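The values are calculated or read from the model by the stated rules, or taken from the named source; none is laboratory data. Computed from a prediction, not measured in an experiment: that's the story for all the values here. Cβ atoms come from the backbone with ideal geometry, glycine included; neighbour counts cover every protein chain shown.
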Amino acid sequence: MLSTENQAKTPEASQPDHQESRTPTPNSLEEAMEQYQSSLLRYATRVLNNEEAAQDVVQEAFIRLHGNLEKIKTRGVQMKGWLFRTTHNVAVDYIRKESRRRALHEKQSKQADLFANDPTAQQEREEKQALVMRHLNTLKPKEREVLVLRLQEGMSYKDIAGVLKRSEGYVGTLIHTATKKLSQSLQQAGVVS
């Protein structure tokens with residue numbers, strides 16, 4: 001009797017129990033949201049320590065899922081893992097952007113404090129900025145665009161490449177060329193030596 005009981009428990013016979021313990025993979029965006037949204041929100045909130053930002057991050061993850069749902073289904077990718085990885089990546093991007101934004105804000109605040117006490121220095125700074133902007137306008141539109149994205153917005157080459165829909169190498173070359181042209185133009189005007 002013991003031997004027939006062991007024979008009845010073949011791997012195939014034990015699989016349905018294993019399958020029943022797993023949640024079925026969602027077939028639509030709505031099902032995925034219903035199944036994973038709360039756990040993704042908990043995860044993103046822990047990573048970011050900011051509930052509002054976590055909601056934005058999870059929303060972006062679901063937007064990306066919507067654009068990739070058919071690929072995920074046809075390739076047999078585990079949706080739960082894909083969603084958590086995407087949420088993680090979006091959260092890391094958010095942290096990087098916030099860090100850059102915070103650093104830029106602090107730098108501008110310090111500069112503003114320095115110039116607030118010295119009207120002459122403030123006026124000189126504004127004149128130099130206006131001069132640089134005039135020289136920036138002499139560049140080709142793409143050169144001007146990459147410099148503004150890099151210097152004013154603090155974007156990485158990768159981010160700029162995403163905006164322009166070009167390679168990072170192209171962006172690097174364009175920034176190098178634009179910087180060189182701007183520098184030469186400013187030297188000729190006597191702004192920099």
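For (1) at negative phi; (2) β-branched (Val, Ile, Thr); (3) assigned to a helix (DSSP H, G or I), each residue gets a yes or a no:
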| site | (1), (2), (3) |
| --- | --- |
| Glu34 | yes, no, yes |
| Ser39 | yes, no, yes |
| Ile63 | yes, yes, yes |
| Lys73 | yes, no, yes |
| Val77 | yes, yes, no |
| His88 | yes, no, yes |
| Glu98 | yes, no, yes |
Within the stretch 54-93, how many residues turn out to be among the hydroxyl-bearing types (Ser, Thr, Tyr) and at pLDDT below 90? 1
Residues in the stretch 69-84: is at least one of a type in the set (A, V, I, L, M), closer than 19 Å to Glu98 by Cβ, surrounded by 11 or more Cβ atoms within 10 Å (Cβ to Cβ) and without any contact (Cβ under 8 Å) to a residue 40 or more places away in the chain? no
Looking at (1) assigned to a helix (DSSP H, G or I); (2) farther than 22 Å from Lys158 by Cβ; (3) at pLDDT below 80, which is the one condition that is false for Leu104? (2)
Here's a check for you: in the stretch 27-63, which residue that is hydroxyl-bearing (Ser, Thr, Tyr) and surrounded by 16 or more Cβ atoms within 10 Å (Cβ to Cβ) is nearest to Gly76 (Cα to Cα)? Tyr36
